[in-house]
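K.L.:
One structure coming up, written as structure tokens, with questions to follow.
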């Protein structure tokens, strides 16, 4: 039976490794014996180099997970690169596999470039000549399918695996089964990805030409919202919330009265601290149940356990995601680096102005918040993860803030608008196609009950928190969860290009703090 060794650094790729490990367990007979990971229980008195070499020798393939900190990770005592230490476990594992002729597959996480031979010690230089497989957060399911189907070991003919994955309707069931049974299905799946999604990596990505210009779309409103939606009462453009359809200012008294009628009383107030500053919306203090229940469709285990969080203070939240115009004002004033987004691709040719800024890292979002604080004399910052989920839910407990079905939220978000997108249960049709093929100008879609636009879809939003794969022990007062040497930060809200499951209120994903992406921006908060 095929055996796989997973080599990784905890402070570089713990979350991605855990997720990949869970997927691979479905493709082996005995996960505990057939997948080697976290080999740190070395017996006392044993030469650990020989011990690791012996374990690697039992495997038919080694997966080397390489994230943004893999190459440059430093030893805490010497300050030297770990990869240059002959006793570094990662180096020992990979070198052993290369020496024995065991296939080594570099798995490049979230856009990490492959290591160059000149940056590697001599015994690892052959790694630079190995074919690398990208593994992206937003195309994870497809990337894992590609990895598994291309491994130089026999996993695809394991009948138990195919049966198990098909029965549970897993993330890769249709893809892998199709690859194993019909080449025609494989071609069809490839066509869907090739035509409906961005490529395996971003380097060759070319955004499709919008079929309908943003300015030609006109007001958006969904008249087929499912029961239980906060906006069941929205029937005509004369409704108090109708101004929000086009992003125009709404009368605070009308919005407050409408929210009270629905059972979500709030004190609605919108303000700006300066002409170039974002519009800020005050949201009330309150408590909510954070995370998702075990039975929620497409739930990830990192969304629990659910716990009650008390936001015991009023908070001002950006009414919209931070725009290019607001970012450019920071650049013009010297508070933000002009080259920051441009190093990631700038606006990708989609336009700036009132579109959300993209290709900014967590560090660069922090720089903008510092500039805002200095400019206004008020404390601006990113939302904590708990504050973000409280703000998006706005008093709801459903999977999406408009209800439990993605399709019923077409009026609320720029996302999931390409047909034949995929969820955990297989291919599904999402009928939110409004002609927008990338980012939309902020405020073009309905706000939630707190008066906040684009909390779901458009772009992922950086939050303050460091990623931990469980809510166990997390703060319950709305504060951020931070750790020393944080390797991954939390992004929330989904984007224009994601699967519907990522648009749920509880969905949480991660990015390295220095990562820039075409689908990631931020919004600011202000302490009151």
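Quick note: the coordinates plus some simple rules give every number you see, no bench work behind them. The model shown is predicted, which means the values in this text are computed figures rather than measured ones. A quick note on method: Cβ atoms are made from the backbone with ideal geometry, for glycine too, and the neighbour counts reach across all protein chains shown.
K.L.:
What ranking of 338, 125, 319 emerges when the number of other C-beta atoms within 10 Å of each C-beta is taken as an exposure proxy, fewest first? Write down the numbers at each step before the final one.
P.N.:
Values: 338 12, 125 15, 319 23.
Sorted ascending by nearby Cβ count, the order is 338, 125, 319.
K.L.:
Is the shape of the range 1-79 rounded, prolate or oblate, going by the alpha carbon gyration tensor and its root eigenvalues a ≥ b ≥ c, with a/c under 1.5 for rounded and a/b larger than b/c for prolate? Before the final figure, lay out the partial values.
P.N.:
Details: a/c = 2.26, a/b = 1.22, b/c = 1.86.
Because a/c hits 1.5 or more and a/b fails to exceed b/c, the range 1-79 counts as oblate.
K.L.:
Based only on other Cβ atoms within 10 Å, what is the fewest-to-most ordering of 499, 15?
P.N.:
Numbers: 499 24, 15 18.
Lowest to highest Cβ neighbour count: 15, 499.
K.L.:
Among 151, 20, which comes first, second and so on when ranked by fewest other beta-carbon atoms within 10 Å? Mind showing how you got there, number by number?
P.N.:
Values: 151 19, 20 24.
Ordered from fewest to most neighbouring Cβ atoms within 10 Å, 151, 20 come out as 151, 20.
K.L.:
Let a ≥ b ≥ c be the square roots of the eigenvalues of the Cα gyration tensor of the range 56-116; is it rounded (a/c under 1.5), or, if not, prolate (a/b larger than b/c) or oblate?
P.N.:
Values: a/c = 2.72, a/b = 1.30, b/c = 2.09.
Oblate shape, in that a/c is at least 1.5 and b/c is the bigger or equal ratio.
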